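See below for the structure under consideration.
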């Protein structure tokens, strides 16, 4: 096995976030579930955008956010994801490349447009997401650069992208390529709805030993394992997956790595502005430490510091100097 | 003269700002003038965007920013400006309408795309702007709704838009329509380059009594009058224009209104994040107070409070509740 050329290669949705503050009453009025993620069609996207206040556009996408954090920490990263040939596609491609991440997936011609996520941010910072998948759901197997995948130490996959058919097939292929090259496969469960629809797939992947590192929040952990008790649930998974990391919002995070357990409290944040990307950046910090063989508690601390940075401002990509922030972590 | 249906109607560039933090060294390396505004072509836009870090897109445009502030304060506003039929055009239209501003200018088909301004934000918050005018420079006279213009108490014009030929002709027509209806005409000088190219036009408009309210910063004041001494310069203009407002960055602002002089210090700001829109929001606060017959010093204070809000975050549109912020002003 050769030395990896990349630390992490991720496959994920290529999304531009459209974010605006909003009152909780509007979330209810629009029939959204506060804190949730819903897939929306063109008509619903139009209606929700109409109801949204003045917004800002910031590149997003769960796995892409994680890479942005990893790259900011100093990791070498590559991304595979599908944008369309339009202005938002150019924005997404610019932002990820400007972060130092290799991104060569060809933009897709014609309709649908580049994916966007309409994010309503409550006064307490909670985000309610409405994702129009657009071009992102058509990531074809042919977009995979299998040599590139084989050249990365970790293949990182986003559960959200397990939902549409083409990317799911592409990700299965990518897993085979990574494992064939002796690389690790990391997976983030993303959302409860993903587990509701694809939990059987995920459990089968885990039983088959295809997942080396699993990221979840505590709700996703319960949904995946069917075990309500947090410690029982994570211990159960820890017997099947080498590294399990579970985030618990303000209760911090917990990990099991090769039988070793560690826990970290949430980092204090002066003001939570927008929680979008908290889990993504936690994964970035953790993976960065893990890839460098840092002690488990230190990996968790790195995750917590990165998550705290990203929730202190609008947008799911880091703004502050993560290297400086994590120097003492 | 009927009661105005709108407080302010503005004609200006319809621009989406593309903003990223940057080191001052990069500004020099790219041949930009720190704190300046340059018009750029497609090729230069491409080159500068390539060199820019991960960015965020926020609707901008000088006069449109002023309207966003006015609307947030409670004024009834309308905007006329040219976007293209593209995603950034949709973003601009959404954001201005979501702010409660009437905007009915039809999007322009085909090339060029919607205007964008590449803004490099220095660590001290200073902004360096590079504007690709795109569709904005093709605002035709036929886009004017003369009844709408006649129905607004104040017609507010942006000097930047005096540069391209079609909008200049449109603005001359709009001035005639507004004055014919007995309305006031407000003008912001925008930038030294505009005065260098069109100072004769502006001086002629002033001498002809076509401008009722003039906004400038101290550099623009000197460029327009040819008088270096600040007080001599503003007093000179105050003899020709009923209301003159000059902003002086951290030195505050000064106004002459019907012979009355007033001055205000700059509002304290915890941290200057991005100075983009400072003058635009100062104009918003001032115009709001002036339109409601508030004392001159109070109008200046309103301007200072709005400017302080907008420089405390990224983007040239207000984020905080301006009504609440100015309640004590």
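Restricted to the range A:95-107, and to residues there that are touching a strand residue (DSSP E or B) at 6+ places or on another chain (Cβ under 8 Å) and more than 16 Å from residue A:145 (Cβ to Cβ), the residue that is farthest from the other protein chains (Cβ to nearest Cβ) is A:100.
Every residue, every condition in (1) more than 14 Å from chain A (Cβ to nearest Cβ); (2) touching a helix residue (DSSP H, G or I) at 6+ places or on another chain (Cβ under 8 Å); (3) surrounded by fewer than 16 Cβ atoms within 10 Å (Cβ to Cβ); (4) closer than 24 Å to residue B:16 by Cβ, yes or no:
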| position | (1), (2), (3), (4) |
| --- | --- |
| B:250 | yes, no, yes, no |
| B:253 | yes, yes, no, no |
| B:278 | yes, yes, no, yes |
| B:290 | yes, yes, no, no |
| B:306 | yes, yes, no, yes |
| B:318 | no, yes, no, yes |
| B:326 | yes, yes, no, no |
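Residues in the range B:2-21 that are more than 14 Å from every other protein chain (Cβ to nearest Cβ) and either part of a strand (DSSP E or B) or on the phi > 0 side of the Ramachandran plot (or both): 6 in all. When the criteria are applied in full, residue B:172 meets the requirement of being over 27 Å from residue B:289 (Cβ atoms), within 20 Å of the chain's Cα centre (by Cα) and free of Cβ contacts under 8 Å to residues at least 12 places away in the same chain. The residue that is surrounded by the most Cβ atoms within 10 Å (Cβ to Cβ), counting only those in the range B:120-138 that are away from every other protein chain (no Cβ under 13 Å) and not in a loop (DSSP other than H, G, I, E, B), is B:136.
What are the residues in the range B:50-67 that are buried (at least 20 other Cβ atoms within 10 Å of the Cβ) and under 23 Å from residue A:90 (Cβ atoms), if any?
Passing the criteria: B:52, B:54, B:55, B:56, B:57, B:58, B:59, B:60, B:61, B:64.
Of the candidates B:329, B:262, the single residue that is at pLDDT below 95 and over 20 Å from residue B:12 (Cβ atoms) is B:329. Determine whether the range B:224-231 contains at least one residue that is crowded, with 17+ Cβ neighbours inside 10 Å, modelled with pLDDT of 95 or more and within 20 Å of residue B:289 (Cβ to Cβ). No, the conditions are met nowhere in the range B:224-231.
Screening A:195, A:211 for residues that are within 21 Å of the chain's Cα centre (by Cα), modelled with pLDDT of 95 or more and assigned to a helix (DSSP H, G or I) leaves exactly one candidate, A:195.
The values are calculated or read from the model by the stated rules, or taken from the named source; none is laboratory data. From a predicted model like this one, the values you see are computed outputs, not experimental measurements. Positions of Cβ are backbone-derived with ideal geometry, glycine not excepted, and every protein chain shown enters the neighbour counts.
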